[in-house]
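Down below is the structure, laid out as structure tokens.
Values in this text are rule-based calculations from the coordinates and carry no lab data. Note that the structure is a prediction, hence the values are computed from the model and not measured. Here the Cβ positions follow ideal geometry from the backbone for every residue, glycine too, while neighbour counts run over all protein chains shown.
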Amino acid sequence: MNLNELPGAELILPGLADLRHGQNHTVGALLVAIAYTRLTQAGLVIPKDHLAPEPELRLYAHLQQDWEDAYGTYNALINRLNSFCNSLECSPKLDFQPWMDRDSMAAVSLLSQAARPVQADQPP
């Protein structure tokens, strides 16, 4: 299975890459932290030591800085996250290690560079 083809991959795959690089305050990394249990039960290996505490609150606070309708944007992101998780859970169980091929890594790298991290010292 190609994870790039799942709905929401444009958010989740960069979040996984961010976590692997120790960046836990990007939108994608916060979404991965929110769905950590579902994603790991589906077979993804996620570094738990890099997850942000209270990712739901941190994500909402981040969105309030950039969006007039943070509530609507938050809900849209959560819906996209759920679409990714649902699709992953319905897919045949495969070994996700390595979880991306070279082309996927290049795409994730470009998307990760464009992601703006939440400031770590800001309250959630």
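Among Val32, Val45, Val27, rank each residue by its count of other Cβ atoms within 10 Å, from fewest to most, as a rough exposure measure.
Val45, Val27, Val32
Output wanted: per-residue J couplings in Hz (rounded whole) for the range 28-45, from phi through Karplus 6.51 cos²θ - 1.76 cosθ + 1.60, θ = phi - 60°, x for Gly and Pro.
x, 5, 5, 5, 4, 5, 4, 9, 3, 5, 4, 5, 6, 5, 7, x, 7, 9
Show me 7-18, 59-70 ranked by packing, highest mean number of other Cβ atoms within 10 Å first.
7-18, 59-70
Based only on Cα atoms, what mean projected area does the convex hull of the range 1-80 have, in nm²?
Its Cα hull, projected and averaged over all orientations, spans 5.1 nm².
Work out from phi, with θ = phi - 60° and the Karplus expression 6.51 cos²θ - 1.76 cosθ + 1.60, the ³J(HN,Hα) of each residue of the range 57-64, listed in order in whole Hz, and give x for Gly and Pro.
Computed from phi, the couplings for the range 57-64 are 5, 5, 5, 4, 4, 4, 5, 4 Hz.
Which value in nm describes the separation of the simple spin-label points at Lys48 and Ile78, placed 7 Å from the Cα toward the beta carbon?
For Lys48 paired with Ile78, the spin-label model returns 2.4 nm.
Give, in nm to one decimal, the length gained when the segment between Cys90 and Asn4 is fully stretched (0.36 nm per residue of separation minus the Cα-Cα distance).
29.4 nm
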